[in-house]
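**Student:** Can you read through this structure? Questions will come right after.
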Amino acid sequence: MSSEQYFPGLEGVIAGETAVSSIAGDLEYRGYSVTELADSSSFVETAYLLLHGELPTAEQLADFKAILIESAEIDPAIYEFLKKIPLHVGAMDVLRTGISMLAHFDPQLDDESPSANIAKATRLLAQIPMLIAARHRFRQGLELVPPDPEGSFAGNLLQMINGREPSQSEEDAMDVSLILYAEHEFNASTFTARVVTSTQSDLYSAIVAAVGALKGPLHGGANERVLEVLEEVGTPENAEPWVRHALATRRRIMGFGHRVYKDGDPRAVILRDYCRSLALEQGDTKFELIADTLETVVRQEKGLPPNLDWPSARLYRYLGLEVDLYTPLFVASRVAGWSAHVIEQAGNNRLIRPVSRYIGHATRTYVPLEERED
Ligand SMILES: CC(C)(COP(=O)(O)OP(=O)(O)OC[C@H]1O[C@@H](n2cnc3c(N)ncnc32)[C@H](O)[C@@H]1OP(=O)(O)O)[C@@H](O)C(=O)NCCC(=O)NCCS
């Protein structure tokens, strides 16, 4: 490639090949439309599809669920450490450390064979919800709630955090949000995971690095900032003046815009319906009204549609979840997609090492310290 071919932020650059998902037309995981998966699948089945490449048979799905339940237990030393982390430390930082600690207790840490990587990814799927819920409950001075072996992944996640059984509609909404967050091609955190894997490092290192990339507000961290926006707006009446002022002062409104989807994020459309019905069920549509006005004005004025983080922030609020859990919940789901990419990268690896365009000083001669002027 000539040094003249430079695309800031790698925009539009094909940086690798993948069979995990495609966003060329409709978003598809392994060839299945995400709309169809959201309508008919479950998060656990979708995670199996991403990791194994095919939808499971009934027996494979039952086995996968059983492994998830069996693997959920984590070493007590990790819980002890979680209790010692200062209370002000954010949930995403704690989760990054927690995943790194899980690596120390994994017997297959340095086995990078596809079967070992699938086994490690399955353990992470089971254990990340435990880390998220444990830290949350310890921080609140509450007892841990164990997962229900008969419960669904989404139902257990909500129950372990909130300490109460979710309603069917809450469980379904959570499950769909996990399906929609599970995978998204060469986004920044997935690319990070692939870069780490390309050095022949291990799956845990790749996932920990991906968590770091996801935390940023331009990526996964946006879902937490979206709720701050809705709270700042406060009332439906304030929505239009607020957003016009925000745009006039060139403020970046979290939850809008996307590097790839310029006409709209199909995931946002799917999740919006779940937001609407939960809000109606709870008899409080204030945030829905605020969201409608912001969507209309941002689209009119900037041509920007909302992305998945826009409805997911409201949804998680309706599910009774604290704001700093929103991005960790994204991790609980996206670990499926990240792991699928790690396995794919390791299976057909070439070190990812691009080049830069140098814009620094022209060549100059070293000046000994005693000859340097002040
Ligand atoms: C996701 C994002 C980083 C993609 O950005 P990008 O492809 O790099 O696009 P740019 O940042 O170059 O923005 C292009 C233009 O749209 C504007 N824009 C993009 N997102 C915007 C937003 N959320 N609010 C207001 N303006 C926005 C930029 O200011 C810029 O306008 P200009 O040309 O007048 O300067 C960006 O849309 C963003 O920051 N969104 C908010 C964070 C977010 O929701 N992230 C989750 C993504 S799933």
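The values are calculated or read from the model by the stated rules, or taken from the named source; none is laboratory data. Predicted model only: the values in this text are computed from it and were never measured. No Cβ is skipped: glycine too gets one built from the backbone with ideal geometry, and neighbour counts run over all protein chains shown. To get the accessible areas, we keep the full protein, side chains included, count just its heavy atoms, and leave off ligands, DNA and RNA. Shrake-Rupley method; radii C 1.70, N 1.55, O 1.52, S 1.80 Å.
**Student:** Return a yes/no flag: does the range 27-36 have any residue that is part of a helix (DSSP H, G or I), open to solvent by 60 Å² or more (accessible area, probe 1.4 Å) and among the hydroxyl-bearing types (Ser, Thr, Tyr).
**Tutor:** Within the range 27-36, none of the residues are part of a helix (DSSP H, G or I), open to solvent by 60 Å² or more (accessible area, probe 1.4 Å) and among the hydroxyl-bearing types (Ser, Thr, Tyr).
**Student:** Turning to a different aspect of this structure: Based on this model, can you work out whether residue 279 counts as open to solvent by less than 20 Å² (accessible area, probe 1.4 Å) and in contact with an Asp or Glu (Cβ under 6 Å, 6 or more places away or on another chain)?
**Tutor:** Yes: the conditions hold for residue 279.
**Student:** Just the residues that are of a type in the set (A, V, I, L, M, F, W, C) and near the ligand (Cβ under 10 Å from one of its atoms), please, taken from the range 215-228.
**Tutor:** Correct list: 218, 222, 226.
**Student:** State whether one or more residues within the range 54-61 are touching a strand residue (DSSP E or B) at 6+ places or on another chain (Cβ under 8 Å), assigned to a loop (DSSP other than H, G, I, E, B) and not assigned by TED's automatic domain parsing to the domain that holds residue 260.
**Tutor:** Yes: the range 54-61 contains one or more residues that are touching a strand residue (DSSP E or B) at 6+ places or on another chain (Cβ under 8 Å), assigned to a loop (DSSP other than H, G, I, E, B) and not assigned by TED's automatic domain parsing to the domain that holds residue 260.
**Student:** Additional query: Can you tell me which residues in the range 301-322 are assigned to a helix (DSSP H, G or I), within 15 Å of the ligand (Cβ to nearest atom) and open to solvent by 10 Å² or more (accessible area, probe 1.4 Å)?
**Tutor:** 301, 302, 309
**Student:** Output the residue which, of all residues in the range 214-231 that are surrounded by 21 or more Cβ atoms within 10 Å (Cβ to Cβ) and small (Gly, Ala, Ser), is nearest to residue 247 (Cα to Cα).
**Tutor:** My answer is 222.
**Student:** From the list 89, 44, pick out the single residue that is modelled with pLDDT of 95 or more, touching a helix residue (DSSP H, G or I) at 6+ places or on another chain (Cβ under 9 Å) and in a loop (DSSP other than H, G, I, E, B).
**Tutor:** When all the criteria are applied, what remains is 89.
**Student:** Can you run down the residue pairs with Cβ atoms below 8 Å, 6 or more apart or on separate chains, where the first is in the range 143-154 and within 11 Å of residue 69 (Cβ to Cβ) and the partner is among the polar types (S, T, N, Q) and not in a loop (DSSP other than H, G, I, E, B)?
**Tutor:** 147/156; 147/159; 148/156; 148/159; 151/159
**Student:** Exactly one condition in (1) open to solvent by less than 80 Å² (accessible area, probe 1.4 Å); (2) at pLDDT below 95 is not met by residue 291; state its number.
**Tutor:** (2)
**Student:** For the range 101-147, which residues satisfy the criterion of being of a type in the set (Ser, Thr, Tyr) and within 21 Å of residue 161 (Cα to Cα)?
**Tutor:** 122
**Student:** Identify the residue in the range 71-82 that is charged (D, E, K, R) and surrounded by 12 or more Cβ atoms within 10 Å (Cβ to Cβ) and, among all such residues, is nearest to residue 94 (Cα to Cα).
**Tutor:** This residue is 75.
**Student:** A follow-up question, please. Identify all residues within the range 236-264 that are more than 20 Å from residue 308 (Cα to Cα), more than 13 Å from the ligand (Cβ to nearest atom) and open to solvent by 60 Å² or more (accessible area, probe 1.4 Å); write none if there are none.
**Tutor:** Of everything in the range 236-264, those that are more than 20 Å from residue 308 (Cα to Cα), more than 13 Å from the ligand (Cβ to nearest atom) and open to solvent by 60 Å² or more (accessible area, probe 1.4 Å) turn out to be 237, 240, 241.
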